[in-house]
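Student: Next up is a structure, given as structure tokens.
The values are calculated or read from the model by the stated rules, or taken from the named source; none is laboratory data. Predicted, not measured: the structure shown is a model, and the values here were computed from it. FYI the Cβ positions are ideal-geometry reconstructions off the backbone, even for glycines, and counts take in every protein chain you see.
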Amino acid sequence: MLTRLDKLISASGLFSRSEARDAIRAGRIAAGGIVITRPEEKVDSGALITVDGEPIRTDARRCFMLDKPAGVLTAARDPRQDTVLDLVPGEYSRLGLQPVGRLDKDTTGLLLLTNDGELAHRVISPKSSVVKTYLAGTDGDTDEADVEAFRYGLILQDGTRCLPAGLEPLGGGQCLVRVQEGKYHQVKRMLAARGKRVLTLRRIAIGALHIDASLGPGKMRELSGDEIELIFAHSHSF
Ligand code: URA
């Protein structure tokens, strides 16, 4: 597909459209090894683009994993509270990233940020049955009866029925919870229905994509195409 060079460059998030035009006119941009100085010139959207000789990414669809810290809202910007978008480094701030789904303010761990609406929809849609895995700390250990109740499909205290889910007691007040839907406060409410209060909650995987343990709280990094595939490459039976 042929695309205007200034449009392609601004898709990198490194330049606004007018900054892209200036950089092009200044002879800083090459497409496929050839310097182009007219912003309106159309180039192949798959061409290797360089700025001052350094390759940049110009594919419009981008997806990142964030290790969400506690105390931060999963929401668009908020005048009074920190949100996950405040954690996006400046170099990515123009990409139009949005969180995929929600984690509670006190929940930590794997949160996807993307500007690819189709991808976000695929992850969230109940039709995809993408399993999210949480490590929960509770006030008391879960047991085999709880495992059976999760497997069968719990009824929450307000009467809502949940789809079958996985529960793996780990001892020491910890358990793994695997859910294939995303109801409001789902994991906390499921454990509450079994008489357990959640003290800590961390999402550690979405599908077969695990949080990168080397990231650290509040840090994010881009996902490769193979990693994005991992989100959907899983099978589950509870
Ligand atoms: N379930 C919850 O209760 N909270 C979250 O943040 C995510 C899942």
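Student: Specify the residue that is farthest from the ligand (Cβ to nearest atom); the eligible residues are those in the range 198-224 that are part of a strand (DSSP E or B) and among the hydrophobic types (A, V, I, L, M, F, W, C).
Tutor: 220
Student: Follow-up question, since we're still on this one. Does residue 164 satisfy the condition of being surrounded by 15 or more Cβ atoms within 10 Å (Cβ to Cβ), under 15 Å from residue 135 (Cβ atoms), in contact with a helix residue (DSSP H, G or I) (Cβ under 8 Å, 6 or more places away or on another chain) and not basic (Lys, Arg)?
Tutor: So residue 164 fails the test.
Student: Just to be sure, is residue 113 farther than 14 Å from residue 203 by Cα, buried (at least 17 other Cβ atoms within 10 Å of the Cβ), away from the ligand (no atom under 14 Å from the Cβ) and aliphatic (A, V, I, L, M)?
Tutor: Yes: the conditions hold for residue 113.
Student: Cβ-Cβ distance below 7 Å, separation of 6 or more or different chains: which pairs start in the range 201-227 with a residue that is within 17 Å of residue 180 (Cβ to Cβ) and end on one that is loosely packed, with under 14 Cβ neighbours inside 10 Å?
Tutor: What qualifies is 207/233; 208/233.
Student: Would you mind listing the strands (runs of 3 or more DSSP E) fully within the range 40-106 where at least 2 residues are in contact with a strand residue (DSSP E or B) (Cβ under 6 Å, 6 or more places away or on another chain)?
Tutor: Of the strands (runs of 3 or more DSSP E) lying wholly inside the range 40-106, those with at least 2 residues that are in contact with a strand residue (DSSP E or B) (Cβ under 6 Å, 6 or more places away or on another chain) span 42-44, 49-51, 63-68.
Student: While we're here: Could you tell me whether any residue of the range 183-197 is within 15 Å of the ligand (Cβ to nearest atom) and modelled with pLDDT under 95?
Tutor: Checking the range 183-197: at least one residue is within 15 Å of the ligand (Cβ to nearest atom) and modelled with pLDDT under 95.
Student: Does residue 176 satisfy the criteria of being closer than 25 Å to residue 216 by Cα, touching a helix residue (DSSP H, G or I) at 6+ places or on another chain (Cβ under 8 Å), outside any loop (DSSP other than H, G, I, E, B) and in contact (Cβ under 8 Å) with a residue 40 or more places away in the chain?
Tutor: no
Let's see how each residue does on (1) buried (at least 19 other Cβ atoms within 10 Å of the Cβ); (2) within 21 Å of residue 97 (Cα to Cα); (3) free of Cβ contacts under 8 Å to residues at least 60 places away in the same chain:
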{"residue": "19", "(1), (2), (3)": "no, yes, yes"}
{"residue": "43", "(1), (2), (3)": "yes, no, yes"}
{"residue": "52", "(1), (2), (3)": "no, no, yes"}
{"residue": "61", "(1), (2), (3)": "no, yes, yes"}
{"residue": "67", "(1), (2), (3)": "yes, yes, no"}
{"residue": "75", "(1), (2), (3)": "no, yes, yes"}
{"residue": "79", "(1), (2), (3)": "no, yes, yes"}
